[in-house]
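Below: the structure, in C-alpha cells.
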Amino acid sequence: QVQLVESGGDLVQPGGSLRLSCVGSGFTFSNYAMRWYRQAPGKEHELVARISSDGSQTNYADSVKGRFTISRDNAKNTMYLQMNSLKPEDTGVYYCVRRILAFDRDWGQGTQVTVSS
C-alpha cells in the first residue's frame with residue numbers, strides 16, 4: 001500500500017550539505033502535494049518545506065529559506081530536499097509527508113540528520 005521512504009540523512013559538519021530523498025509508492029505520486037517536516041529531540045514537528053503536486057509552487061520555513069530547496073521528479077515518484085549551509089539547529093529527523101486536501105495524511109519513517117562538529 002502507500003509507502004513513503006526517506007533516505008539521505010547523515011552526520012555532517014556545520015556548513016555542509018545533504019540531499020534527502022523521498023520515494024513514494026502505492027499511489028499516484030503526481031496527484032499530491034508533499035511536505036517535509038522535521039523533529040528535533042524533545043520538540044514538536046516543524047514544517048520545513050512544501051511543494052505542490054506539479055512542483056510549480058514551493059514554500060519554506062523562515063529558518064531554512066535560502067538554504068534549502070524542495071523539488072520533485074514525478075516520473076520517478078521522488079521528492080527531494082537539498083540542504084545547504086547546514087546549521088546545528090537543522091538537526092532532527094526529517095519526514096516526508098503526503099498531503100491530501102488539508103491533511104498530512106501519510107508519513108514516512110524519517111531519516112536522521114545530524115549537524116555537528
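Coordinate-derived values only; no laboratory data. What you see is a predicted model; the values in this text were computed from it and never measured.
Observations on the model:
- Taking the chain as a Gaussian network of alpha-carbon nodes connected by springs under 10 Å, the highest mean-square fluctuation of the residues ARG99, ARG50, ARG67 belongs to ARG67.
- The separation of region 21-54 from region 58-88, counted between C-alpha centres, amounts to 10 Å.
- Rg/Rg_ref, the chain, where Rg_ref = 2.2 N^0.38 Å and atoms are Cα: 0.99
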